[in-house]
Amino acid sequence: MRTPAGQASVATVFVALVANLAIAAAKLVAALVSGSSAMMAEAFHALADTGNEVVLLIAQRRSERPADEEHPLGHGRAAYFWALIAALGVFVTGALLSIRQGILELLGHEEAPSFLLAYAVLVVSLVLECVSLLRAYRQLRQEAAELGREFEEHFDLSSDPIGRAVFAEDAAAVVGNVIAGIGIGLRQLTGSRLPDALAAVVIGLILGYVAVQLARRNGDFLIGLRASASIHQRVRRTVSAQPGVRDIADLLVTYLGPRQLWVLARVEIDDGLDGAGVTALVRSIEAALARASPFIARVDVVPGGRP
């Protein structure tokens with residue numbers, strides 16, 4: 001079942017997808033007309049962003065499938081797998097193509113006939129990318145406020161790979177538009193292909209950096225990243241506050257998927273509790289954690305006494 005936050009992520013991806021699809025087509029035409037390598041690199045960048053968003057929609061859909069016999073913990077981590085594929089496959093391809101375009105420009109001899117269309121497309125692209133970036137920023141900022149975090153902290157700690165990816169790619173796209181504009185302008189002013197070629201290489205390097213950072217973070221969640229210290233402490237306080245719990249021998253809080261926490265607690269209980277009392281205590285812990293956070297999807301409590 002899709003949560004309101006999940007619906008917001010899908011809407012954010014759709015906005016970015018529509019914007020980037022139009023931007024990619026416009027930049028490709030502008031690159032062919034102007035002959036600018038920086039503009040061609042930006043076309044590759046926009047195509048990579050478009051492909052990335054298609055994969056992110058797949059990630060969202062796959063992660064929402066319910067648990068089954070072969071996947072008793074659900075499919076939540078599928079989001080990280082597909083987001084990892086997007087980062088390594090789509091982004092890296094765009095980065096390599098952009099760098100290659102810059103190198104070919106350095107080795108080429110053709111003069112660009114016109115830059116007017118390139119400037120017009122860059123301006124329109126910058127506006128559209130800023131609109132998409134603003135939406136992604138607002139979504140992450142709202143989530144950060146609900147969790148009592150600063151924006152930068154939430155961007156790093158968020159378990160949602162989709163919102164993080166869209167914000168990162170839109171930020172990179174805004175920077176890429178600016179760099180492309182500078183490269184094209186310097187080429188016009190100097191008559192040298194070097195600024196245009198270097199702009200293409202820099203755009204490729206930015207895209208590659210974003211890809212590596214997103215892949216690294218998705219890899220952490222895919223392996224089984226532990227929840228943040230603040231979440232861990234909040235869970236510990238909730239469990240410890242239940243009557244009948246003397247101590248928490250072991251506590252693991254990790255992610256089953258975007259906004260899906262798994263709590264595994266081994267607790268020491270009062271020796272005087274009988275079987276019915278232990279059962280009631282376990283249910284009390286589960287209910288308390290469910291009230292404490294809507295993101296706790298599964299709770300496993302292992303009760304035991306002191307040796």
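Hey, among I223, I162, which residue is β-branched (V, I, T) and without any contact (Cβ under 8 Å) to a residue 12 or more places away in the chain? Criteria check complete, one pass: I223. Taken over the stretch 231-249, residues that are in a strand (DSSP E or B) and either of a type in the set (V, I, T) or in contact with a Gly (Cβ under 6 Å, 6 or more places away or on another chain) (or both) amount to 2. The single condition among (1) surrounded by fewer than 21 Cβ atoms within 10 Å (Cβ to Cβ); (2) assigned by TED's automatic domain parsing to the domain that holds E286; (3) part of a helix (DSSP H, G or I) that L252 does not satisfy is (3). Of note, I184 does not satisfy the criterion of being in contact (Cβ under 8 Å) with a residue 24 or more places away in the chain, surrounded by fewer than 16 Cβ atoms within 10 Å (Cβ to Cβ), among the β-branched types (V, I, T) and assigned by TED's automatic domain parsing to the domain that holds R62.
Across the stretch 62-105, the number of residues qualifying as out of contact with any Lys or Arg (no Cβ under 6 Å at 6 or more places or on another chain), over 26 Å from F44 (Cα atoms) and assigned to a helix (DSSP H, G or I) comes to 2. Restricting S159, S192 to residues that are in a loop (DSSP other than H, G, I, E, B) and under 17 Å from the mean Cα position of the chain (by Cα) narrows the list to S159.
Checked against the criterion of being in contact with a strand residue (DSSP E or B) (Cβ under 8 Å, 6 or more places away or on another chain) and surrounded by 21 or more Cβ atoms within 10 Å (Cβ to Cβ), the candidates V235, V202 yield just one match: V235.
Within the stretch 30-41, is there a residue that is surrounded by fewer than 18 Cβ atoms within 10 Å (Cβ to Cβ) and not in a loop (DSSP other than H, G, I, E, B)? Yes, the stretch 30-41 has at least one match.
This table checks each residue for (1) of a type in the set (A, V, I, L, M, F, W, C); (2) buried (at least 19 other Cβ atoms within 10 Å of the Cβ); (3) within 26 Å of F221 (Cβ to Cβ); (4) at pLDDT below 80.
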| position | (1), (2), (3), (4) |
| --- | --- |
| P4 | no, no, yes, yes |
| S63 | no, yes, yes, yes |
| P66 | no, no, yes, yes |
| Y80 | no, yes, yes, no |
| L97 | yes, yes, no, no |
| Q101 | no, yes, no, no |
| E110 | no, no, no, yes |
| L117 | yes, no, no, no |
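Okay, residues lined up against (1) in the same structural domain as L157 (by TED's automatic domain parsing); (2) of a type in the set (V, I, T); (3) in contact (Cβ under 8 Å) with a residue 12 or more places away in the chain:
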| position | (1), (2), (3) |
| --- | --- |
| Q260 | no, no, yes |
| I269 | no, yes, yes |
| R283 | no, no, no |
| S293 | no, no, yes |
| I296 | no, yes, yes |
| D300 | no, no, yes |
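Per the conditions (1) buried (at least 16 other Cβ atoms within 10 Å of the Cβ); (2) touching a residue at least 40 places away in the same chain (Cβ under 8 Å), the sole criterion not satisfied by L194 is (1).
Residues are listed down the side, and each one gets a yes or a no for (1) aliphatic (A, V, I, L, M); (2) within 16 Å of the chain's Cα centre (by Cα); (3) within 14 Å of S37 (Cβ to Cβ):
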position: V178; (1), (2), (3): yes, no, no
position: G183; (1), (2), (3): no, no, yes
position: G208; (1), (2), (3): no, yes, no
position: L214; (1), (2), (3): yes, yes, no
position: R217; (1), (2), (3): no, yes, no
position: S228; (1), (2), (3): no, no, no
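Within the stretch 268-307, if we keep just the residues that are in a loop (DSSP other than H, G, I, E, B) and in contact with a Pro (Cβ under 9 Å, 6 or more places away or on another chain), the residue that is nearest to I231 (Cα to Cα) turns out to be D270.
Filter the stretch 144-155 for residues that are modelled with pLDDT of 85 or more and either outside the structural domain of A19 (by TED's automatic domain parsing) or part of a helix (DSSP H, G or I) (or both) and give the result. Those that are modelled with pLDDT of 85 or more and either outside the structural domain of A19 (by TED's automatic domain parsing) or part of a helix (DSSP H, G or I) (or both): A144, A145, F151, E152, E153, H154, F155.
Just so you know, in the stretch 278-307 the residues that are modelled with pLDDT under 85 and farther than 30 Å from E146 by Cα include one that is nearest to the chain's Cα centre (by Cα), and it is G304. Here A118 meets the list (1) touching a residue at least 60 places away in the same chain (Cβ under 8 Å); (2) hydrophobic (A, V, I, L, M, F, W, C); (3) more than 21 Å from V202 (Cα to Cα) almost entirely, failing just condition (3).
The values are calculated or read from the model by the stated rules, or taken from the named source; none is laboratory data. Small disclaimer: the values here were computed from a predicted structure and weren't measured. All Cβ positions, even for glycine, are placed from backbone atoms using ideal geometry, and neighbour counts span all protein chains on display.
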